[in-house]
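Report on the structure given below.
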Amino acid sequence: MTDEATGGKLPASPYGVPIYRMVWSANLVSNFGTVLQAVGASWLMVSLSGSATLVALVQASTTLPIMLLSLVTGAVADNFDRRRIMLGAQTLMFGAASLLTLCALLDLLTPWMLLGFTFLIGCGTALNAPAWQASVGEMVPKPLLSSAIAYNSMSFNIARSVGPAIGGAIVAAAGASAAFCVNAVSYLGLITVLLRWKRDVPERRLPRERLGSAIGAGVRYVLMSPSLKVILTRSATFGLFSSSISALMPLVARDLIRGGPLTYGLLLGAFGLGAVAAALTIRTVRARFSTETIVRGASIAFMIGAIGTGLSRSMVFTMPVLALAGAGWVMALSTFNASIQLGSPRWVVARAVSLYQMVTFGGMAAGSWVFGALADMRGVNIALITAGCAQAIVLAIGLVRRLPDMGGENLDLLDRWQEPATMVPVEPRSGPVVVTIDYRIDPENWQAFMDIMAERRRIRIRDGARRWRLLQDLNDETLWIERYQAPTWLDYVRHNQRRTHADMANLEALRTLYADGEPPRVRQKIERHAGGAYPGRIEPMDEVTPSLTDPARYS
């Protein structure tokens, strides 16, 4: 975040940052197009096929790519220019939406072709979302990040509150192809803004990670972060059961309310209106209540909304309970999203967001199919009532694994570690590298030392260490040895550069236990294979080769 972008002072809101305001506004227009496309696709599927399963699969075909591709797209977003990634994604969606419009105008669409086009648009969303969400932290100052995330949710739900009614009117008056055409045009504004954005690309100090390594690093970080795992568990469960209303909304309009496309638009509008109200108040709510309390309230609101929708046969009652469900939906999902971003350092935030999207939208895709199939067998009302009652599972998980309140830790990179000089020449691919650290610990501090090292093990593995071990010398009881490996010297450098300010608490606690204040001894070794050819000594060159952390190496 540059001083020029904010005028040298902290804005009152994210809208005070010009680039965020422009991208947000362009996204709002694009979100309107997305909602119109969803209305047109869902209602067209009702016309093409009477199957509740196929109608529900319209939503599943949009969310399934997010589940399948998120790991890859998150790793790409953390390693490449996010502006260019978003441009590529928007161009892909523009092309897919244009082809969908053309096929609809020519009356060529079949149910499976429609699902194929919505799947392709979902692929663009899967590519765009991690890059866009990770870019928010570059656009706005950290104190405004939580609000910016909530406003992103509000952008979609403003479109969702008004767009469905407009979409229903467009479909009723001009057909689904008109809604598809508006969606295609809506991408052009965001493409224009992204082309004009002069992003400050951070100076690269290390080469890009290979795709497989980057994916593994992201998964490892999340799996070794207990707080993030709790958030993912809750978001996946909530997504599984909360997909029912959106997936079955066309059938609610047709079968329960006995209406047409305009009725469908009004029902979606009521759901979106509740979502907007939640987004507008979420900043105040977060200031007063814990994360767990917010998600519990959201689950109860959705439960009431789903059961009420299943029981109702009147617009007068259905619209208020849908608004309540919409409020619970956005309150829970935006809370999960903000918690993931606030609980992840910037080097891995896109991958953490992508994992969140994978499990949440994967749950939604599965839920859409499950409740669509249930609606085919037992009726739409039974499917909705079942989904509402299932929210009790989300509440029950909260009794066992309470959601943490994120944002209190400083996850900025510490940036104190210096790459050590070595007598034996090493290259980035040299390895495996074996690191040992000798500690002198008095017997009375052994239990405290063991407890601290348990946390240190988690941090080490989370940041990329392999085969971590803690050893005690049998001939010197005060000598303890921490041992771990890195596949290559480059991996060892990456591992040490991922340390955050929050990790210093563990190191400071460890320092209080050193016997006689003696600091630990760190030794780096490289594994050699007996019987192999020794690479030989390399004579020093006149020109010194820059270290891996020297930006000149990658300029």
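The values are calculated or read from the model by the stated rules, or taken from the named source; none is laboratory data. Just so it is clear, the structure is predicted and the values come from calculations on it, not from any experiment. Virtual Cβ from ideal backbone geometry, glycine too; neighbours counted across all protein chains shown.
When we screen PHE80, PHE32 for residues that are aromatic (Phe, Trp, Tyr), surrounded by fewer than 18 Cβ atoms within 10 Å (Cβ to Cβ) and assigned by TED's automatic domain parsing to the domain that holds LEU120, the only hit is PHE80. Quick check on segment 423-444. Is at least one of its residues buried (at least 16 other Cβ atoms within 10 Å of the Cβ), touching a Pro at 6+ places or on another chain (Cβ under 8 Å) and small (Gly, Ala, Ser)? Scanning segment 423-444, I find at least one residue that is buried (at least 16 other Cβ atoms within 10 Å of the Cβ), touching a Pro at 6+ places or on another chain (Cβ under 8 Å) and small (Gly, Ala, Ser), so the answer is yes.
Scan segment 41-70 for residues that are under 25 Å from MET86 (Cα atoms) and in contact with a Gly (Cβ under 7 Å, 6 or more places away or on another chain) and the total you get is 7. Taken residue by residue, segment 215-231 has no member that is touching a residue at least 24 places away in the same chain (Cβ under 8 Å), more than 30 Å from ALA454 (Cα to Cα), assigned by TED's automatic domain parsing to the domain that holds ALA366 and crowded, with 17+ Cβ neighbours inside 10 Å.
Checking ARG457, ARG402 one by one, the residue that is assigned to a loop (DSSP other than H, G, I, E, B) and surrounded by fewer than 19 Cβ atoms within 10 Å (Cβ to Cβ) is ARG402 and no other. Scanning segment 135-142 turns up no residue that is closer than 27 Å to SER368 by Cβ, surrounded by fewer than 24 Cβ atoms within 10 Å (Cβ to Cβ) and in the same structural domain as ILE66 (by TED's automatic domain parsing). All of ALA505, ALA530, ALA509 fail the test of being free of Cβ contacts under 8 Å to residues at least 24 places away in the same chain, part of a helix (DSSP H, G or I) and among the hydrophobic types (A, V, I, L, M, F, W, C), apart from ALA505. From the list ARG199, ARG220, which one is assigned to a helix (DSSP H, G or I) and basic (Lys, Arg)? Step by step, each of ARG199, ARG220 is checked, and only ARG220 is assigned to a helix (DSSP H, G or I) and basic (Lys, Arg). Do the conditions hold for SER299, that is, is it touching a Gly at 6+ places or on another chain (Cβ under 8 Å), touching a residue at least 24 places away in the same chain (Cβ under 8 Å), closer than 27 Å to PRO404 by Cα and not hydrophobic (A, V, I, L, M, F, W, C)? Answer is yes for this residue. Does at least one position in segment 242-260 carry a residue that is buried (at least 19 other Cβ atoms within 10 Å of the Cβ), free of Cβ contacts under 8 Å to residues at least 60 places away in the same chain, at negative phi and not polar (S, T, N, Q)? Checked segment 242-260: at least one residue is buried (at least 19 other Cβ atoms within 10 Å of the Cβ), free of Cβ contacts under 8 Å to residues at least 60 places away in the same chain, at negative phi and not polar (S, T, N, Q).
To keep it simple, each residue is scored yes or no on (1) in the same structural domain as ALA77 (by TED's automatic domain parsing); (2) modelled with pLDDT under 90.
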position	(1), (2)
SER334	yes, yes
TRP347	yes, yes
THR360	yes, yes
GLY367	yes, yes
ALA383	yes, no
GLY388	yes, no
LEU395	yes, no
MET406	no, yes
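Is it true that ALA365 is free of Cβ contacts under 8 Å to residues at least 12 places away in the same chain and either β-branched (Val, Ile, Thr) or part of a helix (DSSP H, G or I) (or both)? Criteria not met by ALA365. Would you check if THR436 is under 30 Å from the mean Cα position of the chain (by Cα), touching a residue at least 12 places away in the same chain (Cβ under 8 Å) and more than 23 Å from GLN341 (Cβ to Cβ)? Answer is no for this residue.
In segment 464-490, what residues are aliphatic (A, V, I, L, M) and either part of a strand (DSSP E or B) or surrounded by 20 or more Cβ atoms within 10 Å (Cβ to Cβ) (or both)? Matches in segment 464-490: ALA465, LEU470, LEU471, LEU479, ILE481, ALA486, LEU490.
Can GLY297 be described as more than 21 Å from the chain's Cα centre (by Cα), small (Gly, Ala, Ser) and surrounded by fewer than 19 Cβ atoms within 10 Å (Cβ to Cβ)? First the steps, then the outcome.
Values: more than 21 Å from the chain's Cα centre (by Cα): yes; small (Gly, Ala, Ser): yes; surrounded by fewer than 19 Cβ atoms within 10 Å (Cβ to Cβ): yes.
Yes; evaluated as a whole, the condition is true for this residue.
When THR73 is tested against (1) of a type in the set (Val, Ile, Thr); (2) surrounded by fewer than 23 Cβ atoms within 10 Å (Cβ to Cβ); (3) modelled with pLDDT of 85 or more, exactly one condition is not met: (2).
If you check VAL493 against the conditions, is it among the β-branched types (Val, Ile, Thr), touching a residue at least 40 places away in the same chain (Cβ under 8 Å), under 27 Å from VAL424 (Cβ atoms) and surrounded by 18 or more Cβ atoms within 10 Å (Cβ to Cβ)? Yes. Comparison of LEU127, LEU69 shows that the only residue that is more than 19 Å from GLN341 (Cβ to Cβ) and assigned by TED's automatic domain parsing to the domain that holds LEU342 is LEU69. For ALA448, the conditions (1) of a type outside the set (Phe, Trp, Tyr); (2) in contact with a Leu (Cβ under 7 Å, 6 or more places away or on another chain); (3) surrounded by 15 or more Cβ atoms within 10 Å (Cβ to Cβ) are fulfilled apart from (3).
Residue-wise test of (1) modelled with pLDDT of 90 or more; (2) under 26 Å from VAL348 (Cα atoms).
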| site | (1), (2) |
| --- | --- |
| GLY175 | no, no |
| LEU188 | yes, no |
| ARG204 | no, yes |
| GLU209 | no, yes |
